[in-house]
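Take a look at this one; I'll ask things after.
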Amino acid sequence: MKQRPSGVTPSAWLSSAILLTVLAGCAGGGTKPVQTAQAGSSTLTLLAQGGHLVKGDNTVTVAFADAAGKPQVVQSPRIRAFMPAMGQMPMMDEKADLAPTSKTGAYQATLDLPTSGTWQTTIAFFGSAGPQQATFNVQVP
């Protein structure tokens, strides 16, 4: 039996499972969940090819679900991947608007991550409760 990631509530886990079933194949056969997070009553699932982000261009999909696990339409979704300056390496800050896909509640963008490491990835949007955001720490090998 597959265990849910720590820190994810049972309702968020169920919402994600329902939404992922609905979105199967939304951005291609190899698209898999990278991480899931909560923003208010919304569950956001970050998806990418193979279930992970890579150095270079990444086509990412963000799936939004409401508290009942149903796909949720949001306004002005944006994704930002940030890595602070370390030693001689300057700060890196990649941003993109997420465009709606053909699937309700799914939005997609291309994100260029020029180096490996931990990227603080924030998804901001306007939902029924106003402006909201969720943050993921994503490891890029």
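The values are calculated or read from the model by the stated rules, or taken from the named source; none is laboratory data. Note that this is a predicted model, so its numbers are computed, not measured. Glycine also receives a Cβ, built like all others from the backbone with ideal geometry; neighbour counts cover every protein chain displayed.
Which ones in region 32-57 are polar (S, T, N, Q), without any contact (Cβ under 8 Å) to a residue 60 or more places away in the chain and buried (at least 22 other Cβ atoms within 10 Å of the Cβ)?
Matches in region 32-57: THR36, THR43, THR45.
Would you please name the residue that is farthest from THR31 (Cα to Cα), looking only at residues in region 87-115 that are of a type in the set (Gly, Ala, Ser) and either in contact with a Gly (Cβ under 7 Å, 6 or more places away or on another chain) or surrounded by fewer than 13 Cβ atoms within 10 Å (Cβ to Cβ) (or both)?
Top of the filtered list is GLY87.
Does THR61 satisfy being surrounded by 12 or more Cβ atoms within 10 Å (Cβ to Cβ), at pLDDT 95 or above and hydroxyl-bearing (Ser, Thr, Tyr)?
For THR61, the condition - surrounded by 12 or more Cβ atoms within 10 Å (Cβ to Cβ), at pLDDT 95 or above and hydroxyl-bearing (Ser, Thr, Tyr) - is met.
Considering GLY51, GLY56, which residue is within 12 Å of the chain's Cα centre (by Cα), of a type outside the set (A, V, I, L, M), modelled with pLDDT of 95 or more and on the phi > 0 side of the Ramachandran plot?
So the residue among GLY51, GLY56 that is within 12 Å of the chain's Cα centre (by Cα), of a type outside the set (A, V, I, L, M), modelled with pLDDT of 95 or more and on the phi > 0 side of the Ramachandran plot is GLY51.
To continue, here is another question. Report yes if some residue within region 121-133 is modelled with pLDDT under 95 and aliphatic (A, V, I, L, M); otherwise report no.
Within region 121-133, one or more residues are modelled with pLDDT under 95 and aliphatic (A, V, I, L, M).
Based on this model, can you work out whether GLY69 counts as outside any strand (DSSP E or B) and over 15 Å from the mean Cα position of the chain (by Cα)?
yes
Is there any pair linking a residue in region 89-108 that is more than 11 Å from THR61 (Cβ to Cβ) to one that is part of a strand (DSSP E or B) and of a type in the set (Val, Ile, Thr), with Cβ under 9 Å and at least six apart or on different chains, and which?
What qualifies is GLU94/ILE79; LYS95/ILE79; ALA96/VAL60; ALA96/ILE79; ALA96/THR110; ASP97/ILE79.
Further, regarding this structure: Across region 37-56, what is the total count of residues that are farther than 19 Å from PRO141 by Cα and outside any loop (DSSP other than H, G, I, E, B)?
Within region 37-56, residues that are farther than 19 Å from PRO141 by Cα and outside any loop (DSSP other than H, G, I, E, B) number 7.
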